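Have a look at the structure below, then the notes.
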Amino acid sequence: MAEPVVRIPDAKVALSTASVYPESTATAFEIAARLGYDGVEVMVWTDPVSQDIEALRRLSDYHGIPILAVHAPCLLITQRVWSTDPWVKLQRARAAAEKLGASTVVVHPPFRWQRQYARDFVSGIWRMANETDVRFAVENMYPWRYRDREMLAYAPDWDVTKDDYRHFTIDLSHAATSRTDAMQMVDRMGDRLGHVHLADGKGSAKDEHLVPGRGAQPCAELLERLALSGFDGHVVIEVNTRRAMSGAEREADLAEALAFTRLHLASAVQVPRR
């Protein structure tokens, strides 16, 4: 006979500071502490606090919330944050992660027009990964679409599983936008999956980042698989709350996302009865 027991993996559930936009990085720490998240992922962007290691350390200490990951400034709006040289950005992201005790740097593949950076990206990421204990987890992206047109904006490819990286980040909203089977992508990543951006999507051309459970992505299925496989990376809630009409509505969305994640990470398994 066997009885079901609950197995909860070592994975920590973190809040991306991007999830509170247009509120500040400081607000993300406050909300993460109040709602009971295990930590935060800092999105380095135009908010000066997100770029300031000492300010981030003070926020972490004050709220008792560890910084588990640093998202390097890879967005269009952050082209001048921490230098215009993309390699300098990654060096500074690594230094920030090391100083703040974060285990992961999340990085996007280059934009196609960053030709030299894109040409050296795979070998350069390996080189940087060999110089630190911090994981460089390269994130899947998507083609840019407008009506019936599609532009391949990332190089070597938006599907990062086509190239050789030590660690990957799976983003389910990006999988929805690229109209990719997320679980097949996770299979291709295998044991190199080191980081998860959890959000939902319905397959729109826009990157939706819905609260998990509000779209068509296999959010619950992925979390249950992570639980059964003993995943030891981080699961980061990275959702869009820009349309929230109030702070209370934003917090309700982030509380719902956390509850969904914790529920599905608690996986029932069968063990022999003694």
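The values are calculated or read from the model by the stated rules, or taken from the named source; none is laboratory data. Fair warning: this is a prediction, and the values are worked out from it, not measured in the lab. Neighbour counts run over all protein chains shown; Cβ positions are idealised from the backbone, glycine included. To get the accessible areas, we keep the full protein, side chains included, count just its heavy atoms, and leave off ligands, DNA and RNA. Shrake-Rupley method; radii C 1.70, N 1.55, O 1.52, S 1.80 Å.
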Within the stretch 37-54, considering residues that are touching a residue at least 12 places away in the same chain (Cβ under 8 Å) and in a helix (DSSP H, G or I), the one nearest to ALA259 (Cα to Cα): SER50
Open to solvent by 40 Å² or more (accessible area, probe 1.4 Å) and more than 20 Å from GLU238 (Cα to Cα): is that true of ARG166 in this structure? yes
Neighbours by Cβ (under 8 Å, 6+ apart or cross-chain): first from the stretch 97-124, within 18 Å of GLN79 (Cα to Cα); second aromatic (Phe, Trp, Tyr) and surrounded by fewer than 17 Cβ atoms within 10 Å (Cβ to Cβ): TYR117/TRP87
Go through ARG135, ARG112, ARG145, ARG94 for me and flag whichever is among the basic types (Lys, Arg), closer than 20 Å to GLU238 by Cβ, open to solvent by 10 Å² or more (accessible area, probe 1.4 Å) and in contact with a helix residue (DSSP H, G or I) (Cβ under 9 Å, 6 or more places away or on another chain). ARG135
With the condition kept exactly as written, say whether any residue in the stretch 58-80 is open to solvent by 30 Å² or more (accessible area, probe 1.4 Å), part of a helix (DSSP H, G or I) and closer than 26 Å to TYR142 by Cα. yes
Looking at the stretch 1-55, which of the residues that are over 27 Å from ALA248 (Cα atoms) and open to solvent by 80 Å² or more (accessible area, probe 1.4 Å) is modelled with the lowest pLDDT? MET1
Wholly within the stretch 174-274, which strands (runs of 3 or more DSSP E) include no fewer than the required count, namely at least 3 residues that are under 14 Å from the mean Cα position of the chain (by Cα), surrounded by 14 or more Cβ atoms within 10 Å (Cβ to Cβ) and in contact (Cβ under 8 Å) with a residue 12 or more places away in the chain? 193-198, 234-237
Residue count, the stretch 160-181 (criterion: closer than 22 Å to ASP133 by Cα and among the small types (Gly, Ala, Ser)): 0
